[in-house]
Amino acid sequence: DSGVTQTPKHLITATGQRVTLRCSPRSGDLSVYWYQQSLDQGLQFLIQYYNGEERAKGNILERFSAQQFPDLHSELNLSSLELGDSALYFCASSKFKYEQFFGPGTRLTVL
Amino acid sequence: ELKVEQNPLFLSMQEGKNYTIYCNYSTTSDRLYWYRQDPGKSLESLFVLLSNGAVKQEGRLMASLDTKARLSTLHITAAVHDLSATYFCAVDIPNNAGNMLTFGGGTRLMVKP
């Protein structure tokens, strides 16, 4: 158990819908990262927040957005969902620029 | 753009054998990580390599880093079935703004009894 928690574990929804994935980092970690794992794209970095501020951005679609709240938990919002958005979404946390610890992931299925 | 390549992508081996997984990356970095992933599960950190020449060992796994060659290896000694999993290397290039991991494609390891 890495200490990073993610909810929900599974999510099944329809195309065009919007969902929110939630992540709580390890105690003391100020950085939160979101990654997407899919069969065709592999593991891809989406976005990083540090203490509430966006710090690095990867291949994140405009339909996706994230934020980190004052209590340091983070949410990833995915809207106008498409079939191709079906993937495992991981959250990771770290002390700034240190080793990242991954949560259990949220498996999103878009039907 | 940083590229991270692993090979082989798939490895089937007998118990008791040795093998090496290779991870090449395209941009200077001295921070490399190895992760293990079981099917449908999260990523488990195996090794953190933070300098040229770093070598770390845990059980039957040993990882090394050559930053000049931009190469890391994960060596498996006397494989056992429990090592069956997918192994990822990831390179981290921190900058003033933040940092992010760029992953290799993964090596799916199957160890047969």
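Table for the structure above
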{"read-out": "For peptides B:10-17, A:98-105, B:74-81, sequence by mean Cβ density within 10 Å, most packed first", "value": "A:98-105, B:74-81, B:10-17"}
{"read-out": "Chains B and A together, accessible area buried on both sides, 1.4 angstrom probe, square angstrom", "value": "1600 Å²"}
{"read-out": "Probe 1.4 Å, accessible area per residue of chain A, Å²", "value": "48 Å²"}
{"read-out": "Candidate aspartates and glutamates - alpha carbon under 15 Å from B:Lys3, same-chain residues fewer than 8 apart omitted", "value": "B:Asp30, B:Asp92"}
{"read-out": "Radius 12 Å from Cβ of B:Leu43, net charge of other residues (Lys, Arg +1; Asp, Glu -1)", "value": "-1"}
{"read-out": "Chain B - accessible surface per residue (Å², probe 1.4 Å)", "value": "50 Å²"}
{"read-out": "Fraction of accessible area attributable to carbon and sulfur, region B:41-112 (%, probe 1.4 Å)", "value": "51 percent"}
{"read-out": "About the Cα centre, charge dipole magnitude for region B:60-113 (Lys/Arg +1, Asp/Glu -1 at Cβ), debye", "value": "160 debye"}
{"read-out": "Ranking by accessible area, most exposed first, for B:Thr28, B:Thr86, A:Thr20, A:Thr106 with a 1.4 Å probe", "value": "B:Thr28, A:Thr20, B:Thr86, A:Thr106"}
{"read-out": "Gain on full stretching of the segment that runs from A:Lys95 to A:Ser38 - 0.36 nm per residue minus C-alpha separation", "value": "17.9 nm"}
{"read-out": "Heavy-atom accessible area order for A:Ser27, A:Ser74, largest first, 1.4 Å probe", "value": "A:Ser27, A:Ser74"}
{"read-out": "Set of lysines near B:Lys112 by C-alpha distance (under 18 Å), chain-local residues within fewer than 8 positions excluded", "value": "B:Lys17"}
{"read-out": "Solvent accessible area, Å² - B:Met100, 1.4 Å probe, full protein context", "value": "70 Å²"}
{"read-out": "Rounded to whole Hz, the Karplus (6.51, -1.76, 1.60) HN-Hα couplings of region A:34-51, x for glycine and proline", "value": "10, 10, 10, 10, 10, 5, 8, 9, x, 8, 10, 6, 9, 6, 10, 10, 10, 6"}
{"read-out": "Those lysines that a straight Cα-Cα span of less than 21 Å connects to A:Lys95, excepting residues fewer than 8 apart in one chain", "value": "A:Lys57"}
{"read-out": "Dipole of the protein assembly as shown, positive direction: furthest Cα of A:Gly42, B:Cys89, A:Leu108, with charges on the beta-carbon", "value": "B:Cys89"}
{"read-out": "Local net charge near A:Pro104, Cβ-Cβ under 15 Å (Lys/Arg +1, Asp/Glu -1)", "value": "+3"}
{"read-out": "Rounded accessible area of A:Arg18 (nearest 10 Å², 1.4 Å probe)", "value": "150 Å²"}
{"read-out": "Under Karplus coefficients 6.51, -1.76 and 1.60, residue-wise ³J(HN,Hα) of region A:106-111 in Hz, glycine/proline x", "value": "10, 8, 9, 10, 10, 9"}
{"read-out": "Inter-centroid distance (Cα atoms) of region A:22-77 relative to region A:86-111, Å", "value": "8 Å"}
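The values are calculated or read from the model by the stated rules, or taken from the named source; none is laboratory data. Worth saying up front: this structure is predicted, and the values here are computed from it rather than measured. Don't worry about glycine lacking a Cβ; one is built from the backbone with ideal geometry, like all the others, and counts go over all protein chains shown. Quick note on the areas: whole protein, heavy atoms, side chains included, nothing else; ligands and nucleic acids left out. Shrake-Rupley method; radii C 1.70, N 1.55, O 1.52, S 1.80 Å.
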